1. Could you figure out which of (1) under 14 Å from ALA3 (Cα atoms); (2) under 17 Å from the mean Cα position of the chain (by Cα) isn't true of ALA128?
2. Does at least one position in the stretch 64-79 carry a residue that is over 24 Å from GLY111 (Cα atoms) and of a type in the set (Gly, Ala, Ser)?
3. Please list, ordered by first then second residue, the pairs with beta carbon atoms under 7 Å, 6 or more apart or interchain, first in the stretch 47-73 and within 27 Å of ALA120 (Cα to Cα) and touching a residue at least 60 places away in the same chain (Cβ under 8 Å), second polar (S, T, N, Q) and assigned to a strand (DSSP E or B).
4. Within the stretch 73-111, take every residue that is basic (Lys, Arg) and at pLDDT 95 or above and give me the one that is surrounded by the most Cβ atoms within 10 Å (Cβ to Cβ).
5. Go through VAL70, VAL64 for me and flag whichever is aliphatic (A, V, I, L, M), surrounded by 13 or more Cβ atoms within 10 Å (Cβ to Cβ) and over 23 Å from ALA13 (Cα atoms).
6. Whether any residue in the stretch 16-37 is at pLDDT below 95 and either assigned to a loop (DSSP other than H, G, I, E, B) or touching a helix residue (DSSP H, G or I) at 6+ places or on another chain (Cβ under 9 Å) (or both) is what I want to check.
7. Restricting to the stretch 6-45, give me the number of residues that are in contact with a Leu (Cβ under 9 Å, 6 or more places away or on another chain), of a type in the set (D, E, K, R) and closer than 11 Å to ALA102 by Cβ.
8. I'm told GLY4 meets every condition in (1) touching a residue at least 40 places away in the same chain (Cβ under 8 Å); (2) within 15 Å of ALA128 (Cβ to Cβ) except one. Can you identify the failing condition by its number?
Amino acid sequence: TAAGFRFAARVPAGGRPETARTVRFPAARFAFDWSAGRRRWLVSMDGRAAVTSDGTRLGAATVVIQYVAVEPSRFHDKLGSTTPLSRTVGSGRAVVLRDGRAYDARWERPGAEDGTAFTAGGKPLAFAPGQVWVVFAKK
């Protein structure tokens with residue numbers, strides 16, 4: 001696809017069983033809990049279940065935690081706090097969550113107009129069909 005993502009229903013070999021993962025930021029916390037019944041990673045933000053306006057629980061078939069360089073940008077919010085800039089061109093470490101498993105991965109994006117490729121053990125890593133959440137975490 002244009003984003004560089006690959007999808008396949010077949011669960012990739014490798015990885016390790018994982019049912020929960022939390023990503024912490026200075027002012028927020030995202031948690032992803034595997035629901036085998038829904039075949040989704042259910043999302044919580046700051047300890048509260050994330051839901052749509054009609055109360056449906058948010059979830060994704062695949063969650064990518066992409067570790068990137070984060071630095072202050074030239075932008076600020078209305079309170080004057082600096083908005084962070086995530087550097088997504090280059091390469092680095094990632095963790096891909098799918099089907100109740102965690103895969104240690106590498107990401108690579110040669111240029112700003114290119115998609116991001118994810119590999120595990122040097123081979124392309126396919127995401128589960130469906131929605132993908134990508135979380136940029138500070139490396």
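The values are calculated or read from the model by the stated rules, or taken from the named source; none is laboratory data. Just so we're clear, the structure is a prediction, and the values are computed from it rather than from any experiment. FYI the Cβ positions are ideal-geometry reconstructions off the backbone, even for glycines, and counts take in every protein chain you see.
1. (1)
2. no
3. Listed pairs, sorted by first residue: GLY59/SER35; VAL68/SER86; VAL70/SER86.
4. ARG98
5. Matching residue, one of VAL70, VAL64: VAL70.
6. Yes, the stretch 16-37 contains at least one residue that is at pLDDT below 95 and either assigned to a loop (DSSP other than H, G, I, E, B) or touching a helix residue (DSSP H, G or I) at 6+ places or on another chain (Cβ under 9 Å) (or both).
7. Count: 2.
8. That leaves (2) as the condition not met.
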